[in-house]
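Beneath this line is the structure, given in structure tokens, with notes to follow.
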Amino acid sequence: MGAGRGYYEKKAARMRIQPMGDRALIIDIDDADANAWGQARVIDAVLAVSAAIAAAKIPGITELVPAAQTVVVTIDPNHGDPTAVHSRISQILANPTAAGNTSAAATTHHHIPVTYTGDDLAEVAEHYQVSVEALVKKHTSTTWTAAFGGFAPGFSYLVCDDPWWNTPRRAQPRPSIPQGSVALAGGYSGVYPQQSPGGWQILGFTDQLMFDVDATPPNLIGVGDLVTFVEEN
Amino acid sequence: MSDYPSFTILATGPQALIEDRGRPGHAATGISASGHFDRLSAARANHAVGNTPDAPLIESLFGGLSFTTNCDTYMIATGVLATVSVRHADGTSKNHTTNDVIRLFAGDQVTLSAPEYGLRAYVAVRGAFDVPQVVGSSAFDVMSTLGPKPLSAGQQLAIETTGRFIHDPDWLPLVSHLVPLWKPTHHHILKVIPGPRDYWFTTEAIQNLFTQTFTVNSSSNRVGVRLQAAIPLQRRQERIGKELASEGMVRGCIQVPPDGNPVIFGPDHPVTGGYPVIGVLTSFSCDHSGQLQPGDTVQLKPQPAGRSQQAVGR
């Protein structure tokens, strides 16, 4: 096939940029990269890198898609040169900047009303060895940050600073989770914007719309926004 | 019959959707770019009838689309090889083929046959279809269901009269017939740029990727083309049972779930995914992949990434 012997070896290089087809790049970020960017967690480095690329206003970039450990950059060859984009991004990655601090930008702080009557409340409380009341109190007193979206229109993966949160996903995903379900998985909180299958643990429900096609923008929560859940009775 | 220029849909075949160039720029909020599957054929269709490239048109899956027109106009159907029969109000009829620029007169009834080769026909009318936009586009996304709903029998499709999708008001057709873009075949060669997660797979799997013949599954759709692998693609031992943290996806990504049968992402692909991507189709092959009939066979060939796209170490 023409690929060298080392091609399939695990690459040791950090902050790799690789092509993803002919119109996209994917950037891998690990713990060492997080250190280099002055961030405690990989997800913070992902957002810092994403912010730095956005700030550079490189012509031709159509999408920046941050995720847990990667940033995907899509390029429109009619508006930018993929070669130039790749070089420019390499430069940015070689020069970590704490100036990519997203909290400097104006963000919205959402207060989302929740009735904590989810099916998984007791099981999750049991996992954390706390009472249901204590679990709810902890969820509502945490300030969550929208790290990235992706699985469905209007869905945001919410993260926080407290490493206490580490909720196992359900062994068997449910075929249908109601719209507005407020749920946990791993270190994340999230609200299901529409009915869909899912494997997250459901704590409760909100009537607040996460996604409205007629609104601009249609998604309630944007990347970098803050979220506080408020218990409703 | 209404006063405004329109087509009345009589039949839709398996599926007929409004598509345009999609809604890029919202991936970070989980909205896929969507848009035409075979972008080249759609562009050619619009160009052939003197429309701008962003004019909404019909993406017809496997033919069976039939409609009448209440106005004189021009149309084309391209992307597949099929018959386009036109029956006039006086009872006479004429058989055209796809790739013909067809002059239509008020009262004509047009029927697109199931394609002999290819899957999705792009049907453009001079001036474009007047349809609403959702999140900046008239494209229908089958996964999120954003956009104007799939066409149904009895529906009236208005034709744009304001001219906003027209290049030149004095336009007349430059050509009467387009050269077909795709080779008429049921065995296809698609080009793949390897990676980014090719290192999840055994050396043998990578070889098999590029030597075996895959079969297109009938469960394929705009979300993804599902291929049946004669030899399922195996992960390296240390990767078996492991999960990949969800990462951004693009059209053309060849995702390999644990069963080893690859899925090639189409325009309505999920924005993020957790199965390793062994390679990504070139843009040209992405468009080609929209024309694979269920049961067709596919071989994949490697295309090295350009010089600009080599992996960069630090």
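What to note about this one:
- Against the criterion of being of a type in the set (S, T, Y), away from chain A (no Cβ under 14 Å) and touching a Ser or Thr at 6+ places or on another chain (Cβ under 9 Å), B:T272 does not qualify.
- B:G266 falls short on exactly one of the conditions (1) within 22 Å of the chain's Cα centre (by Cα); (2) at the interface with chain A (Cβ under 8 Å from one of its Cβ atoms), and that condition is (2).
- Flag set for A:H79, criterion: closer than 30 Å to B:D287 by Cα, more than 10 Å from chain B (Cβ to nearest Cβ) and modelled with pLDDT of 90 or more.
- Extreme residue, nearest to the chain's Cα centre (by Cα), among residues of region B:201-223 that are within 25 Å of B:D268 (Cα to Cα) and of a type in the set (A, V, I, L, M, F, W, C): B:V223
- Out of B:S34, B:S66, one residue alone is assigned to a loop (DSSP other than H, G, I, E, B) and either within 14 Å of chain A (Cβ to nearest Cβ) or over 25 Å from B:F284 (Cα atoms) (or both). It is B:S34.
- From the options B:D54, B:D90, residue that is part of a loop (DSSP other than H, G, I, E, B) and touching a residue at least 40 places away in the same chain (Cβ under 8 Å): B:D54
- Some residue of region A:113-127 being under 22 Å from the mean Cα position of the chain (by Cα), over 30 Å from A:Q18 (Cβ atoms) and within 14 Å of chain B (Cβ to nearest Cβ): no
- Subset of region B:289-314 that is more than 7 Å from chain A (Cβ to nearest Cβ) and over 30 Å from B:V216 (Cα atoms) - its residue that is modelled with the lowest pLDDT: B:Q310
- Those residues of region B:114-128 which are buried (at least 24 other Cβ atoms within 10 Å of the Cβ) and outside any loop (DSSP other than H, G, I, E, B), in sequence order: B:R120, B:A121, B:Y122, B:V123, B:A124, B:V125
- Looking across region B:100-113 at every residue that is in a strand (DSSP E or B) and among the polar types (S, T, N, Q), the one that is surrounded by the most Cβ atoms within 10 Å (Cβ to Cβ) is identified as B:T111.
- Residue within region B:284-302 that is within 15 Å of the chain's Cα centre (by Cα), under 27 Å from A:A84 (Cβ atoms) and surrounded by fewer than 19 Cβ atoms within 10 Å (Cβ to Cβ) present: yes
- Failed condition for A:I89, given (1) under 18 Å from B:M249 (Cα atoms); (2) of a type outside the set (F, W, Y); (3) facing chain B (nearest Cβ under 10 Å): (1)
- Check on A:L184, touching an Asp or Glu at 6+ places or on another chain (Cβ under 9 Å) and either within 14 Å of chain B (Cβ to nearest Cβ) or assigned to a strand (DSSP E or B) (or both): yes
- Scanning region B:139-169 for residues that are assigned to a strand (DSSP E or B) and surrounded by fewer than 16 Cβ atoms within 10 Å (Cβ to Cβ) yields a count of 2.
- Residue count for region B:170-188, restricted to those that are more than 30 Å from B:Q299 (Cα to Cα) and loosely packed, with under 11 Cβ neighbours inside 10 Å: 3
The values are calculated or read from the model by the stated rules, or taken from the named source; none is laboratory data. Values in this document were obtained by computation on a predicted structure and should not be read as measured data. Every residue, glycine as well, gets a Cβ built from its backbone with ideal geometry; the counts of neighbours run over all protein chains shown.
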